[in-house]
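The values are calculated or read from the model by the stated rules, or taken from the named source; none is laboratory data. Computed from a predicted model, the values in this text were never measured in an experiment. Neighbour counts run over all protein chains shown; Cβ positions are idealised from the backbone, glycine included. Each accessible area value is taken on the protein alone, full model and side chains, heavy atoms only, with ligands, DNA and RNA left out. Shrake-Rupley method; radii C 1.70, N 1.55, O 1.52, S 1.80 Å.
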Amino acid sequence: MNHESLKKYIQENRSGLLNELMEMLKIPSVSADSKFKDQVLKMADVTAKALEKAGLDNVEVCSTSGFPVVYAEKIIDSSKPTVLIYGHYDVQPPDPLDFWHSPPFEPTIRKTDIHPEGAVFARGSADDKGQFFIHVKALEWMLKNNALPCNVKFMIEGEEEIGSPSLVNWTKENKDILKADVILISDTAMLGPDTPSIDTGLRGLAYMEVEVTGPNRDLHSGVYGGAVANPVNILCSMIASCHDENRRITIPGFYDDVVELSEEERKIFAKAPFDEAAYKKDLDIEEVMGEKGYTTLERTGIRPTLDVNGIWGGYTGEGSKTVLPSKAFAKISMRLVPNQDHHKISRLFEQYFLSIAPKGVKVKVTPHHGGNPVVVPLNHPALKAAQKAVKQSFGKEPVFTRGGGSIPIVALFKQVLGLDSILLGFGLDTDALHSPNEHFGIRNYLKGIETVPLFFYYYSITK
Ligand code: BES
Ligand code: MN
Ligand code: MN
């Protein structure tokens, strides 16, 4: 592995590497919204072409019951280990559009305090096009320079942002094709631009929708107000009663399977540098808030949560309308930690929510997608390889953290394929994933391309 020539290649090809990424970012591959269906399909083709150009074999746009999975491979020697790279080419909807400083699908480079070398602003830049493309470009370099030391397979899906509904079956049906020794994923964040870190876990997710119905029709809030249950008022108090005064979740049995970290484990995670003042400043908040007795990084890494993602009902148009609404709705997500099970938590939520409903309303609870939490074994040879690779490319030992987000398919990879995943993310939490003005630092992108071949090298010699 010639690190110097890799660095030189990246430096000399900087604009080409950026332009290719920008082309991908022009395609609005929003999986959640059917009006973008053709664009999602187009993105699958463009991904396949990029893999072909990189020199991979057997590139295929594989149909599933939903959007296709793009598969590719390079088998150099079947006696050597195989790394399976996973990523997603779909993106979140760009709304709310008014808050974007440049259009979400017209990639634009701007400097920020955190990214003095510039960042590419576009939906999907960090989540996950910029990150999976790191692997495409790293593989291209390795293949051109005869520097691929083991086998590699790619599976890039198009439904991650909607909970990967088709991927479980596809994975089960393609178990043989997906045979590998480890999965490598770049779809998470580092702690800071100069604080490389590797996530050794992800939270799970249970996502619910609730509907509260009061009277059979909207009523005049003067004529009936005070005498009939208002479903919006009721829903608000039901949601409020999901937390106690210490901001612990009150659902009976919710914490039963939560693995409490030992003081020693907590000390290890506490070593991760974290600037709370900068965190608050970035968010324009006076104080952080969360479960009593835990730090901010613990609250997002090792503790479960319950949050309303959206709530609606009654009159929300211009001006005022006096109305006592018939219905109220909310979308509520719970982030889960080991060893909580998303099916069990969904059931507990439903039972609790129905139990706290007053007689004057009817409550319906519908679970959406979910996924279980994951932990990466700290002694995994590929984790050690990732650690060495990051140390060499960033010139700094990476810290181990737990990611607060979820990639539900990762737990299923373990269950179905028996494989652990290494979460070698290059984004930053402040990159505005899922928000307006999502961006990906140019330095992060290029450092990623530098790190991946080092990972392959170290993995092939430690494995
Ligand atoms: N890449 C994210 C997950 C992520 C982001 C993990 C940052 C760790 C740090 C992924 O694309 C995502 O957004 N997942 C969703 C779940 C999915 C079912 C919609 C999430 O975490 O909300
Ligand atoms: Mn992602
Ligand atoms: Mn995402």
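Observations on the model:
- For the chain, a crude dipole built from +1 on the beta carbon of Lys and Arg and -1 on the beta carbon of Asp and Glu, taken about the Cα centre, is about 400 debye to the nearest 20.
- With K and R counted +1 and D and E -1, the other residues having a Cβ less than 13 Å from that of residue 209 yield a net charge of +1.
- Pairs from the table (26/153; 111/179; 37/281; 35/331; 137/396) lying more than 31 angstrom apart at Cα are 111/179; 37/281.
- Surface accessible to a 1.4 Å probe, per residue, for the residues of the range 331-457, Å²: 38 Å²
- Using a probe radius of 1.4 angstrom, the carbon and sulfur fraction of the accessible surface of the range 339-416 is 54%.
- Protein heavy-atom surface of the range 1-103, 1.4 angstrom probe: 48% of the accessible area is carbon and sulfur, with nucleic acids and ligands not counted.
- Computed lengthening from residue 220 to residue 41, 0.36 nm per intervening residue step minus Cα-Cα distance: 59.6 nm
- Considering only the chain, percent of DSSP beta bridges that pair antiparallel, nearest 5: 70 percent
- Net length gained if the chain between residue 318 and residue 60 were fully extended (0.36 nm per residue, minus Cα distance): 87.9 nm
- Rounded to the nearest 500, the helix-only mean residue ellipticity at 222 nm of the chain stands at -9500 deg cm²/dmol, with each DSSP H run of n ≥ 4 adding -39,500 (n - 2.57).
- At R0 = 30 Å, FRET efficiency that the Cβ-Cβ distance of residue 294 and residue 354 yields, to 0.05: 0.55
- Note on residue 12 and residue 243: the extension gain reaches 77.7 nm, defined as 0.36 nm multiplied by sequence separation minus the Cα-Cα distance.
- In this structure the range 32-99 gives 49 Å² per residue of accessible area when probed at 1.4 Å with all protein chains present.
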